[in-house]
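Novice: The structure that follows is given in the form of structure tokens.
Just so it is clear, none of the values below were taken in a lab; they were calculated from the coordinates. What you see is a predicted model; the values in this text were computed from it and never measured. Note: ideal-geometry Cβ built from the backbone for every residue, glycine included; neighbour counts use all protein chains shown.
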Amino acid sequence: MSTTTTPTTTPVAPTLVDRAQYGLAAFLVVVGTYVGYDAWTLEAGFSDQPVQPYAIPYVVAAGLVVLGLLLAVATARGDRPEAEDGEDVDLSQGTDVRTVALLAGVLVANIALIDLLGWAITGALLFAGAAFALGSRTWVRDLAVGTALSVATWYGFYVGLGIPIPAGVLDGVL
């Protein structure tokens, strides 16, 4: 008596398409293409310049396009990003809307007041406000560190790099 056995097949799970990765790849290619186009519209510099103004944007554009294409190929081959196991984030918790709103308020206040008060003052308030929004309750230390950082960056940009940053009410003092 002969018996025939039919091989049992295990069902194969359908491969999920990671649209987010394809979206990011497309975004990188579009941005790279735009940067390349924008570099193409730049005028040539002086003939004695060894590196023309459009050289670096071409390199950035090519890098963005190549990275976008490589990401699309990797996604098509089935590569997936690792889940957020390595992050020190509790994924069961929601977004802390209060903290985000406080940070947004501090940034908006900085934008609104920078021309009037100047960077040295608004930079200190920006640092202290952001530290408060993120949980610090030592106002004096936060304002002192913020003041030191904002004055140092003001001098670094204004004097060191020659980039004028608003001094505001401290014009003539700084």
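Novice: What is the fewest-to-most order of Tyr155, Tyr37 by other Cβ atoms lying within 10 Å of their Cβ? Can you show the working numbers first?
Specialist: Numbers: Tyr155 14, Tyr37 11.
Starting with the residue having the fewest Cβ neighbours, the order is Tyr37, Tyr155.
Novice: Please rank Val73, Val60, fewest neighbouring Cβ atoms within 10 Å first, as an exposure proxy.
Specialist: On the way: Val73 11, Val60 15.
Listing Val73, Val60 from fewest to most nearby Cβ atoms yields Val73, Val60.
Novice: If you don't mind, there's one more thing I want to ask. So between Ala104 and Phe132, what do we pick up on full extension, going 0.36 nm a residue minus the alpha carbon distance?
Specialist: Gain on stretching Ala104 to Phe132: 8.8 nm.
Novice: While we're looking at this one, here's another question. Can you list the HN-Hα couplings for the range 121-132, worked out from phi with the Karplus curve (6.51, -1.76, 1.60; θ = phi - 60°), rounded to whole Hz and with x for Gly and Pro?
Specialist: 7, 5, x, 5, 5, 4, 5, 5, x, 5, 5, 5
Novice: Computed from the mean reciprocal separation of all distinct C-alpha pairs, what Kirkwood hydrodynamic radius does the range 19-76 have, in Å?
Specialist: Hydrodynamic radius (Kirkwood, Cα only) of the range 19-76 equals 12.1 Å.
Novice: If Rh is defined by the Kirkwood formula over all Cα pairs and Rg also comes from Cα, what ratio Rg/Rh do you get for the range 97-170? Working shown, then result.
Specialist: Details: Rg = 12.6 Å, Rh = 12.5 Å.
Expressed as Rg/Rh, it is 1.01.
Novice: Give a residue-ordered list of calculated ³J(HN,Hα) values for the range 55-66 (Karplus: 6.51 cos²θ - 1.76 cosθ + 1.60, θ = phi - 60°; whole Hz; x for Gly, Pro).
Specialist: Values per residue, Gly and Pro as x: 5, 5, x, 5, 5, 5, 4, 4, x, 5, 5, 5 Hz.
Novice: Extension gain Phe157-Ile56, at 0.36 nm per residue separation less the Cα-Cα distance, in nm?
Specialist: 34.1 nm
Novice: For labels at Asp171 and Asp115 in the simple 7 Å Cα→Cβ model, what's the distance in nm?
Specialist: So the two model labels end up 1.2 nm from each other.
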